[in-house]
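Scroll down for the structure; my scribbles are underneath it.
The values are calculated or read from the model by the stated rules, or taken from the named source; none is laboratory data. From a predicted model like this one, the values you see are computed outputs, not experimental measurements. Using ideal geometry, Cβ is built from the backbone for each residue, glycine included, and neighbour counts are taken over all protein chains shown.
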Amino acid sequence: MARQYDAVTARSRVFAGVEPAVHGELLAAVQATSQGYRQGEAIIRIGESVSFFPVVLAGSVQATVPRGSNTQIVERFGPGDSFAEAVVVSGGPSPVEITALSDARVLLIHRQRLAAATHAGAAVLQANLMQEMSKKLVHLSVRLNLLSEPRLRSRILMSLEDLGAGGGSQVTLPFGRQEWADYLGVNAKALMRELRRMQDEGLIELDRKTVRVRSL
């Protein structure tokens, strides 16, 4: 793997507990490779099985599912993030499509080679990937609860809390209003109307992509 990505692996949770100086040696031991993807190119398609644990080295990727004639955003991942761990572990078909949101490069760690590796860092790497999988399963549960919530205002507040904006704090949205609507599974015009109501009522403060939730 090119040394230009050393800084990414050094701060990635996937490599936590493994000395940065041996990351290259570890990746060589498990015969990891990397693959570049153009913006909009599919990395994992719905229904595909995957044998590699993917970790974003550069750019960003997005997981989506079809929702009628639209697309539902499930999650986004940036440099250092792993994704699709549960698909790799289960060996089953992917329930989501993952595409490159921008030009991206993804590290591919083969599951069986990782399990068979004798390098001291391999067991740590595998444990970290399982921990990341557990976190994402918890997050998926939160997402399902959000999407099952019938009230739009509650969906908005739940999504802001999930993004880190609790009472009296603010968050910079990782997407635009149309994409936020897709993330919430609602119509963009309905989202804008409700956001304006919430701002008029003093519940939130909006400034482009920055949202502050006022303490109630």
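Assigned by TED's automatic domain parsing to the domain that holds residue 127, within 15 Å of the chain's Cα centre (by Cα) and β-branched (Val, Ile, Thr): which single residue out of 61, 88, 50 fits that description?
When all the criteria are applied, what remains is 61.
Taking the condition closer than 25 Å to residue 10 by Cβ, touching a Lys or Arg at 6+ places or on another chain (Cβ under 7 Å) and without any contact (Cβ under 8 Å) to a residue 60 or more places away in the chain, does residue 60 pass?
Taking the combined requirement at face value, the residue satisfies it.
For the range 77-97, which positions are in a strand (DSSP E or B) and closer than 20 Å to residue 131 by Cβ?
Once the filter is applied, which keeps residues that are in a strand (DSSP E or B) and closer than 20 Å to residue 131 by Cβ, the range 77-97 yields 77, 82.
Which one of these is within 18 Å of residue 26 (Cα to Cα) and part of a helix (DSSP H, G or I): 140, 114?
After applying the criteria, what remains is 114.
Counting residues that are closer than 19 Å to residue 110 by Cα, in contact with a strand residue (DSSP E or B) (Cβ under 9 Å, 6 or more places away or on another chain) and at pLDDT below 95, which strands (runs of 3 or more DSSP E) fully inside the range 1-65 reach at least 1?
No strands (runs of 3 or more DSSP E) qualify here.
Being among the basic types (Lys, Arg), surrounded by fewer than 18 Cβ atoms within 10 Å (Cβ to Cβ) and within 21 Å of residue 123 (Cα to Cα) narrows it down to one residue among 45, 11; which is it?
Numbers: 45 fails: within 21 Å of residue 123 (Cα to Cα).
After applying the criteria, what remains is 11.
I want to confirm something. Restricting to the range 179-194 and keeping residues that are of a type in the set (A, V, I, L, M) and in a helix (DSSP H, G or I), which single residue is surrounded by the fewest Cβ atoms within 10 Å (Cβ to Cβ)? Before you say what the answer is, go through the steps one by one.
If we filter the range 179-194 for residues that are of a type in the set (A, V, I, L, M), which is where we start, we get 181, 184, 186, 188, 190-192.
Of the ones still in play, those that are also in a helix (DSSP H, G or I) are 181, 184, 188, 190-192.
Details: 181: 19, 184: 22, 188: 15, 190: 12, 191: 20, 192: 14.
Only one residue tops the list, namely 190.
So which residues in the range 143-160 are surrounded by 14 or more Cβ atoms within 10 Å (Cβ to Cβ) and either part of a loop (DSSP other than H, G, I, E, B) or modelled with pLDDT under 85 (or both)?
143, 146, 147, 149
Across the range 179-195, what is the number of residues that are modelled with pLDDT of 85 or more and closer than 16 Å to residue 209 by Cβ?
Residues in the range 179-195 being modelled with pLDDT of 85 or more and closer than 16 Å to residue 209 by Cβ: 7 in total.
Just a yes or no: is a residue in the range 23-42 in contact (Cβ under 8 Å) with a residue 40 or more places away in the chain, touching a Gly at 6+ places or on another chain (Cβ under 7 Å) and surrounded by fewer than 17 Cβ atoms within 10 Å (Cβ to Cβ)?
no
With respect to residue 113, is the statement that it is surrounded by 20 or more Cβ atoms within 10 Å (Cβ to Cβ) and charged (D, E, K, R) true?
When the stated conditions are applied, residue 113 does not pass them.
Residues in the range 12-20: is at least one of a type in the set (Ser, Thr, Tyr), outside the structural domain of residue 188 (by TED's automatic domain parsing) and either within 25 Å of residue 188 (Cα to Cα) or over 14 Å from the mean Cα position of the chain (by Cα) (or both)?
No, the range 12-20 has no match at all.
Condition (residue is outside the structural domain of residue 25 (by TED's automatic domain parsing), under 22 Å from residue 62 (Cα atoms) and touching a strand residue (DSSP E or B) at 6+ places or on another chain (Cβ under 9 Å)) applied to the range 185-196: is it met by at least one residue?
yes
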